[in-house]
Amino acid sequence: MPLKNKTWASSAVTFFSYGHSPPEVLQSPWKLSAGGLGQLGVGLAKLLRKRYGKNNVILSDIRKPQNSIFHSGPFIYSDILDYKNLREIVVNNRITWLVHYSALLSAVGEANVALARSVNITGLHNILDIAAEHGLRLFVPSTIGAFGPTSPRNPTPDLCVQRPRTIYGVSKVHAELMGEYYHHRYGLDFRCLRYPGIISADSMPGGGTTDYAVQIFHDAIKTGKFECNLRPDTRLPMMYIDDCLRATLEVMEAPAETLSMRTYNINAMSFTPEELAQELQKQMPELEVTYEVDPVRQAIADSWPMNFDDSNARNDWAWKHDYDLPELVQTMLNFFGSETRMARFN
Ligand SMILES: NC(=O)c1ccc[n+]([C@@H]2O[C@H](COP(=O)([O-])OP(=O)(O)OC[C@H]3O[C@@H](n4cnc5c(N)ncnc54)[C@H](O)[C@@H]3O)[C@@H](O)[C@H]2O)c1
Ligand SMILES: C[C@@H](O)[C@H](N)C(=O)O
């Protein structure tokens, strides 16, 4: 065993699944920001449970789940910084896959660098070690934030200069490189996708630079007004959550021989706040959008890709997105429309 002389440090995970039929583990999607769940984890658990069975996917986090989440399938407390507890969960449940979603995102990471370093880097080390020790298939998401101002921005290919200027980006480049190193050195089945900014209707983002693209829908529906914290011409790659979660499942299920790389860009659309507002205004002409730029988020956005080149994912494992900007806006408005009708009905 390549890691037999390793001294296991302490650490942790969040989202798991039991090791029955196709045993799966999902790792932590819940976040630290006040109130609310991780933006992506609950949706991924739902997708995996549909495919592999409710009791074969364990969701974990350090936060208390809402009643509906707690009753939707197995949930367990796990801090990725507690290695012994992680190992116990993996062993007791015969875990075979681990999806590692725990992280501090770009804006909250800049506000708390020490915590971001601990969760995003020390936590990742624990995850890598537990996965290598127990032969797990491991998924770790990366991000457009793994690139920086010296990367080509339009488009950004898979392989190019990566010198990010945020602790979030630095930790994600570290995760990509460490995962690939463990793959080549120890045979770890590490898989990684660089997600664009993800837009979802029923879960809130956890403190990132692309959060505006979710918040605009909530504010538009509630008040008819939205104050955007990025400049109107800030172009960033974005994706609807269903595409992101399906891509994750597809790359996890892809036969190893189809993967010419272990870290892939995935892309769907790319837009500016102004273009998103205009698309919304086609259906909500009364929507008023103003701009009050947050210098921290703006500096981050200005260093990130404007367009993502995901041709390797499309060629290797047939990645294809379903949602462009018009479908995204329509789907989000349909969701909020049905929520409003439900509220009226109840
Ligand atoms: N949402 C996006 O737009 C986006 C884009 C690119 C990449 N990603 C990546 O996808 C993953 C999930 O993102 P998200 O938007 O759901 O994040 P999120 O911030 O909404 O959720 C992160 C979760 O991690 C949990 N967490 C924090 N510290 C922990 C610890 N010590 N142990 C266990 N859990 C802990 C939090 O409680 C939280 O629920 C992250 O790795 C993120 O970097 C997200
Ligand atoms: C892009 C992504 O990693 C996250 N939504 C952020 O803005 O930090």
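Throughout, read-outs are computed from the coordinates displayed, never taken from laboratory work. Since we're looking at a predicted model, the values are computed, not measured. Glycine also receives a Cβ, built like all others from the backbone with ideal geometry; neighbour counts cover every protein chain displayed.
Among rounded, prolate and oblate, which fits segment 59-113 when a ≥ b ≥ c are the square roots of the eigenvalues of its C-alpha gyration tensor, a/c under 1.5 means rounded, and a/b larger than b/c means prolate?
On the way: a/c = 2.34, a/b = 1.36, b/c = 1.72.
Note, shape of segment 59-113 comes out oblate.
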Here D for segment 171-260, in µm²/s, from Stokes-Einstein with a Kirkwood Rh over Cα pairs at 20 °C and 1.002 mPa s, works out to 136 µm²/s
Please list, by residue number, everything in segment 260-293 whose backbone N is under 20 Å from a paramagnetic label point 7 Å out along Cα→Cβ of residue 233. 270-279, 289-293
Could you run the Karplus curve 6.51 cos²θ - 1.76 cosθ + 1.60 with θ = phi - 60° over segment 57-71 and give me ³J(HN,Hα) per residue in whole Hz, x for Gly and Pro? 10, 9, 9, 9, 5, 9, 9, 7, x, 5, 3, 4, 6, 4, 8
Can you tell me the dipole magnitude for segment 212-346 around its Cα centre, using point charges on the Cβ only (Lys, Arg +1; Asp, Glu -1), in Debye to the nearest 20? 300 debye
Per Stokes-Einstein, at 25 °C and 0.890 mPa s, what whole-number D in µm² s⁻¹ belongs to segment 90-235, with the Kirkwood radius over Cα pairs as the hydrodynamic radius? 146 µm²/s
Which residue, 158, 233, 309, tops the fluctuation ranking in a GNM of the chain built on C-alpha contacts under 10 Å? 233
Gaussian network model of the chain, springs between alpha carbon atoms under 10 Å - residue of 274, 327, 180 with greatest fluctuation: 327
Considering the convex hull of the alpha carbon atoms of the chain, report its projected area averaged over all viewing directions, in nm², one decimal. 16.9 nm²
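Per residue, what volume in Å³ does the convex hull of the Cα atoms of segment 109-194 enclose? Can you show the working numbers first?
Details: hull volume 7.1 nm³, N = 86.
Enclosed volume per residue, from the Cα hull, is 83 Å³.
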For segment 218-346, alpha-carbon Rg and Dmax in angstrom: 17.5, 52
Would any residue of segment 179-214 have its amide N under 12 Å from a label point 7 Å out along Cα→Cβ of residue 54? List them or say none. none
Share of antiparallel DSSP beta bridges in the chain, in percent to the nearest 5? 20 percent
